[in-house]
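Trainee: This is the structure I have questions about; it appears just below.
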Amino acid sequence: LLKKRKSKEDTALFRLEENEGEIVLWSENREVSRQLSMIDLQEEDLLVLQKLRPLVKENIEKIVAQFYKNLEKESSLTKIINDNSSIDRLSQTLTIHIEEMFTGVIDQAFFDKRSKIAQVHLHIGLQPKWYMCAFQDLLLSLISLFDETIENREDYNKAIKATTKILNIEQQLVLD
Ligand code: HEM
């Protein structure tokens, strides 16, 4: 996608004034607003995430495959999955979920979904430490993808910052 572009000016991926979809950053909860503020998650980050969406979608199979390969290192997790679901089913869920992190929308539905995910993980007995390990693996996959495809240093930095912010708020909400 991006390697083909040669000249310096042409490499800029994020022309922030040209957004394609709707950007929503909304919370009715004051504490959540302060959480978002403390990690400096702003509309511009959501715009960057939205711009990254096609790239993430193109590579989603690889990312999800790596996610489950990594979980196999911990047999207690494989057991939780086999007892409660299946790799096939979870792969589909995770694919949709990762893509949704890059839509540029944080609204009530976003918060409701995270509280449901928290309940599901609590119910299956997933410990926070393993959840965080899984997140780290996901972050590393995304960093590798951006490193391989985004040539412009400024864009790369924006991509990394926006991605760590969205993963961070996700963890705050699910582990709360
Ligand atoms: C369910 C995401 C880590 C096992 C789910 C759901 C989502 C999700 C979106 C669906 C919840 C719903 O039904 O509404 C994530 C994310 C993770 C993560 C983003 C970390 C990056 C893990 C880990 C395990 C796991 C490490 C390992 C055991 C499960 C299981 C379910 C589930 C067994 C129930 C699935 C079902 O009902 O079929 N997860 N998860 N998750 N997750 Fe996770």
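The values are calculated or read from the model by the stated rules, or taken from the named source; none is laboratory data. On a predicted model such as this, the values are computed, not experimentally measured, just so you know. Because the Cβ atoms are built from the backbone with ideal geometry, glycine has one as well, and the counts that use them run over all protein chains shown. Please note that ligands, DNA and RNA were not included when accessible areas were found on the heavy atoms of the full protein model with its side chains. Shrake-Rupley method; radii C 1.70, N 1.55, O 1.52, S 1.80 Å.
Trainee: Does the range 122-176 come out rounded, prolate or oblate, given a ≥ b ≥ c as the square roots of the eigenvalues of its C-alpha gyration tensor, rounded meaning a/c under 1.5 and, failing that, prolate meaning a/b above b/c?
Mentor: Working: a/c = 4.89, a/b = 2.30, b/c = 2.13.
It is prolate, given that a/c is not under 1.5 and a/b is the larger ratio.
Trainee: For Ile106, which sequence-distant residues (separation of 5 or more, or a different chain) have an amide H within less than 5 Å of its own amide H, given hydrogens modelled in the peptide plane?
Mentor: When sequence neighbours closer than 5 places are left aside, the close amide H contacts are Val24, Leu25, Trp26.
Trainee: For n ≥ 4 DSSP H runs only, could you compute -39500 (n - 2.57) per run for the chain, divide by its residues and tell me the 222 nm figure to the nearest 500? List each step's numbers first, then the result.
Mentor: Details: 8 runs with 123 residues, N = 176.
-23000 deg cm²/dmol, from helical runs alone.
Trainee: Here's something else I'd like to know. If you look at just the Cα atoms of the chain, how large are its Rg and its Dmax in Å?
Mentor: That works out to 16.8, 53 Å for Rg and Dmax.
Trainee: In addition: Is the shape of the range 79-166 best called rounded, prolate or oblate, per the rule: a/c under 1.5 gives rounded, else a/b larger than b/c gives prolate, else oblate, with a ≥ b ≥ c the square roots of the Cα gyration tensor eigenvalues? The partial results should precede the final answer.
Mentor: Details: a/c = 2.26, a/b = 1.68, b/c = 1.35.
It comes out prolate by the Cα gyration axes.
Trainee: Here is a further query. So what's the angle, to the nearest 10 degrees on a 0 to 90 scale, between helix 87-100 and the longest Cα principal axis of the chain?
Mentor: With both axes taken from Cα atoms, the answer is about 40 degrees.
Trainee: Right, here's the next one. Separation of the range 26-53 and the range 149-176 by C-alpha centroid, Å?
Mentor: Measuring centre to centre over Cα atoms gives 11 Å.
Trainee: Sticking with this structure for a sec: With unit charges on the beta carbon (Lys/Arg positive, Asp/Glu negative), name the residue among Pro54, Leu36, Leu90 whose Cα is farthest towards the positive pole of the charge dipole of the chain.
Mentor: Projecting each Cα onto the dipole axis, the largest value belongs to Leu90.
Trainee: Ignoring ligands, DNA and RNA, what percent of the 1.4 Å accessible area of the range 45-176 is carbon and sulfur?
Mentor: Values: 3730 of 7000 Å².
Its accessible area is 53 percent carbon and sulfur atoms.
Trainee: How big is the range 65-125 by the Kirkwood estimate over distinct Cα pairs, in Å? Could you put the intermediate results ahead of the total?
Mentor: Details: mean 1/r = 0.0776 Å⁻¹.
One decimal place: 12.9 Å for the Kirkwood radius.
Trainee: Each residue of the range 114-125 in order: what ³J(HN,Hα) in whole Hz does its phi give by Karplus 6.51 cos²θ - 1.76 cosθ + 1.60, θ = phi - 60°, with x for Gly and Pro?
Mentor: The phi angles translate into 5, 6, 5, 4, 4, 4, 4, 5, 5, 4, 7, x Hz.
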